[in-house]
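To keep things clear, I will list the structure first and then write my remarks on it.
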Amino acid sequence: GSIDGMAAKGIHHVGVAVAELDDLVRTWETLLGAKVEHRATVEDQGVEAVSIRVGTGRIELLRPLAPDTPVGKFLAKRGPGMHHVAFAVDDVAEELARVAAAGATLIDEKPRVGLFGLQVAFIHPDTTGGVLAEFVSDGE
């Protein structure tokens, strides 16, 4: 159950670290009927990102702009693949406070503006069994 009645509303997206975007987007479109929702280069996060919809689900493909970026380091260490799971929440700050009080190790102490202008914050993978977790508030 949830602590103090709050909880994630569901999975917002799964983030996937990739070395190349265009061919992979075409592959997902061809194989799975994916549709591109957003595409943006976010210099301060060091990524080019494509959000794709597959039915009601969403995948975020992340290509590093340089090897010394967080996603670049992830790719060098682990290779391409799942980078994070993002959970939709009503209020990122409230969820951060809730999970911190429950003993979670936070990467972000407060929400920040993430990809596509969404409010986001990350929880350290040591807390969640090795999976980088993200809270996202998209106003839905």
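The values are calculated or read from the model by the stated rules, or taken from the named source; none is laboratory data. This structure is a prediction, so every number in the text was calculated from the model and none was measured. Here the Cβ positions follow ideal geometry from the backbone for every residue, glycine too, while neighbour counts run over all protein chains shown. Accessible surface is based on the protein model in full, side chains and every heavy atom, while ligands, DNA and RNA are left aside. Shrake-Rupley method; radii C 1.70, N 1.55, O 1.52, S 1.80 Å.
Ranking 105, 130, 42 by Cα position along the charge dipole of the chain, where only Lys, Arg, Asp and Glu carry charges on their C-beta atoms, puts 130 farthest toward the positive end.
For Rg/Rh (Cα atoms, Kirkwood Rh), the candidate list reads [x] 0.94; [y] 0.97; [z] 1.03; the entry that matches the value derived from this model is [y].
Roughly to the nearest percent, how much of the accessible area of the chain is carbon and sulfur, given a 1.4 Å probe? Could you put the intermediate results ahead of the total?
Numbers: 4070 of 7550 Å².
Carbon and sulfur atoms account for 54 percent of the accessible area of the chain.
Enter the accessible area per residue of the chain (Å², integer; probe 1.4 Å; all protein chains in place). The partial results should precede the final answer.
Working: 7550 Å² over 140 residues.
Spelled out: the 1.4 Å probe surface of the chain, per residue, equals 54 Å².
For the chain, the dipole from Cβ point charges (+1 on Lys and Arg, -1 on Asp and Glu) about the Cα centre works out to 360 debye, to the nearest 20. Distance from the Cα centroid of region 17-67 to that of region 100-120 is 22 Å (rounded to whole angstrom). Each of 53, 78, 58, 26 has its accessible area taken with a 1.4 Å probe; listed largest first, they run 78, 26, 53, 58.
Among the GluC sites (Glu not before Pro) found in region 8-45, those both in a DSSP coil and sparsely packed, with 12 or fewer other Cβ atoms within 10 Å of their Cβ, are 20.
Please report, largest first and rounded to whole Å, the three semi-axes of the ellipsoid equivalent to region 75-140, where each semi-axis is the square root of five times an eigenvalue of the C-alpha gyration tensor.
20, 16, 9
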